[in-house]
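Trainee: This is the structure, below, for whatever I ask next.
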Amino acid sequence: MATLFAGPSAAMMLGDFGADVIKIEHPRRGDPSRGHGAAVDGVGLWWKTLSRNKRNAAVDLSRPEGQQIIRQLAENADVLIENFRPGTLERWGLDPQDLLNANPRLIIARMTGFGQFGPMSSQPGFGTLAEAMSGFAAMTGQPDGPPTLPPLALADGIAGLAMSYAVMVALHSRERTGRGQIVDMAIIEPILGILGPQMSAYKALGITPQRTGNRSSSNAPRNTYRTRDGRWLAISTSAQPVAERVVTLVGRPDLVAEPWFASGAGRVQHVEELDDAVATWIAARDADEVITAFENAQAAIAPIYEISDIAEDPQYAALNTFVDLPDPELGTVTMQNVMFRMSETPGEIRWPGRPLGHDTDAILTELHYTPEQITTLRQAGVIA
């Protein structure tokens, strides 16, 4: 019962590996993500990916009859994922504790912008706010430019990954204890976990992260570089041996002998000299020559891809990263495959996101509603 991206992303990942996911939407408005991004004949492509492998029921949760449907579903479910503002479920008569009393093995995963308590808990929260409040935007962008937000739902995606993990931890715990539990996740928190020891460095040393563009604050050289034929390449030298190979390749083996070169922190202090050496060498050569030289030297390099490059890349093709799926609305739709491969329990995309209310009748029939009851609910606007 979550909308937009974070909660639905978590449910998508669970569905990718076999979970029977029932997506609940408002019978008239649907999930707002249906209208986000590119569409074909009014059918959203983001929706097709986000709601793949999910059965779809349209139920008005503000109506008593709709709330009863949710109670019945929760009585036999393993997991309930929701992202309403704190207090909303309680106002609808769906208090999590009551649901747990009815099904003690239920995992209730609550995804909100700011968590279930605290001074901001009642405010609407989106990934953009998490990207701002986490410090991500403040440290992203060029040094002389403004704080920069990502061009995608980054915080939501990170929170979705974290929630799918939290659900699996809760299910594992249930196998040992027999009891379900409530998961409280604030979208503002998971993104902090991937930004490194910002708070540790601030508390211990008073360090505030600064914008460094494409450079790194912890190692050098690390940047994007333009080749003679106008292409952009990215390199990283996080590992000391790789840094040594890079500067040797670009004709500056003398730098390896410098005392400061022995650590990432030391190299950052000489980033201008290192960047100049790398950039000058790359700018004098075409991209293919540079990539071949780096690969032969076992140094890390990659081209800056646009989507057309990704579509033609042989490594993605070898991994089967993208799949073409039959779809009743679009004929065929291409989307990213499951995120990883497992030898014994592989994931699978069984179908793309479905039309609003596609499985409502089937799901209510499983709950032992009669055709006459289903017709009455539909005529009353409780379902679609």
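Trainee: Can you pull out every residue in the range 254-278 that is touching a residue at least 40 places away in the same chain (Cβ under 8 Å), closer than 17 Å to Ser217 by Cα and open to solvent by less than 50 Å² (accessible area, probe 1.4 Å)?
Mentor: The answer is Gly264, Arg267, Val268, Val271, Leu274, Asp275.
Trainee: Right, here's the next one. For residues that are of a type in the set (Phe, Trp, Tyr) and within 26 Å of Ala19 (Cα to Cα), tally how many sit in the range 83-124. Before you say what the answer is, go through the steps one by one.
Mentor: Quick first cut of the range 83-124, residues of a type in the set (Phe, Trp, Tyr) only: 84, 92, 114, 117.
Now narrow it down to the ones that are within 26 Å of Ala19 (Cα to Cα): 84.
Residues meeting the conditions: 1.
Trainee: May I pose another question? Tally the residues that are more than 20 Å from Ala384 (Cα to Cα) and either without any contact (Cβ under 8 Å) to a residue 24 or more places away in the chain or not charged (D, E, K, R) (or both), restricting the search to the range 324-373.
Mentor: In the first step, residues of the range 324-373 are kept if they are more than 20 Å from Ala384 (Cα to Cα); the result is 324-327, 330-351.
This time we only want the ones that are either without any contact (Cβ under 8 Å) to a residue 24 or more places away in the chain or not charged (D, E, K, R) (or both), so: 324-326, 330-347, 349, 351.
Selection size over the range 324-373: 23.
Trainee: Next up: Could you check how many residues of the range 279-297 are surrounded by fewer than 13 Cβ atoms within 10 Å (Cβ to Cβ) and acidic (Asp, Glu)?
Mentor: 2
Trainee: Filter the range 101-128 for residues that are over 30 Å from Pro147 (Cβ atoms) and out of contact with any helix residue (DSSP H, G or I) (no Cβ under 8 Å at 6 or more places or on another chain) and give the result.
Mentor: So in the range 101-128, the residues over 30 Å from Pro147 (Cβ atoms) come out as 101-109.
Asn101, Pro104 - these are the residues of the range 101-128 that are over 30 Å from Pro147 (Cβ atoms) and out of contact with any helix residue (DSSP H, G or I) (no Cβ under 8 Å at 6 or more places or on another chain).
Trainee: Select, from Arg245, Arg215, Arg228, Arg252, the only residue that is within 30 Å of Asp286 (Cα to Cα), under 25 Å from the mean Cα position of the chain (by Cα) and of a type in the set (Lys, Arg).
Mentor: On the way: Arg245 fails: under 25 Å from the mean Cα position of the chain (by Cα); Arg228 fails: under 25 Å from the mean Cα position of the chain (by Cα); Arg252 fails: under 25 Å from the mean Cα position of the chain (by Cα).
The conditions single out Arg215.
Trainee: Within the range 234-253, count every residue that is touching a strand residue (DSSP E or B) at 6+ places or on another chain (Cβ under 7 Å) and surrounded by fewer than 17 Cβ atoms within 10 Å (Cβ to Cβ). Show your work before the answer.
Mentor: At the first step, the residues of the range 234-253 found to be touching a strand residue (DSSP E or B) at 6+ places or on another chain (Cβ under 7 Å) are 234-235, 246.
Those left that are additionally surrounded by fewer than 17 Cβ atoms within 10 Å (Cβ to Cβ): 234.
Residues flagged as touching a strand residue (DSSP E or B) at 6+ places or on another chain (Cβ under 7 Å) and surrounded by fewer than 17 Cβ atoms within 10 Å (Cβ to Cβ) within the range 234-253 amount to 1.
Trainee: Among Ile207, Ile182, which is the only one that is in the same structural domain as Ala74 (by the TED database), surrounded by fewer than 17 Cβ atoms within 10 Å (Cβ to Cβ) and touching a helix residue (DSSP H, G or I) at 6+ places or on another chain (Cβ under 6 Å)? So that I can check it myself, show each step before the final result.
Mentor: Values: Ile207 fails: in the same structural domain as Ala74 (by the TED database).
On inspection, the qualifying residue turns out to be Ile182.
The values are calculated or read from the model by the stated rules, or taken from the named source; none is laboratory data. What you are looking at is a predicted structure, and each value in this text was computed from that prediction instead of being measured. Here the Cβ is made from the backbone with ideal geometry for all residues, glycine too, and neighbour counts use every protein chain on show. We work out accessible area using only protein heavy atoms, side chains counted, and drop any ligands, DNA or RNA first. Shrake-Rupley method; radii C 1.70, N 1.55, O 1.52, S 1.80 Å.
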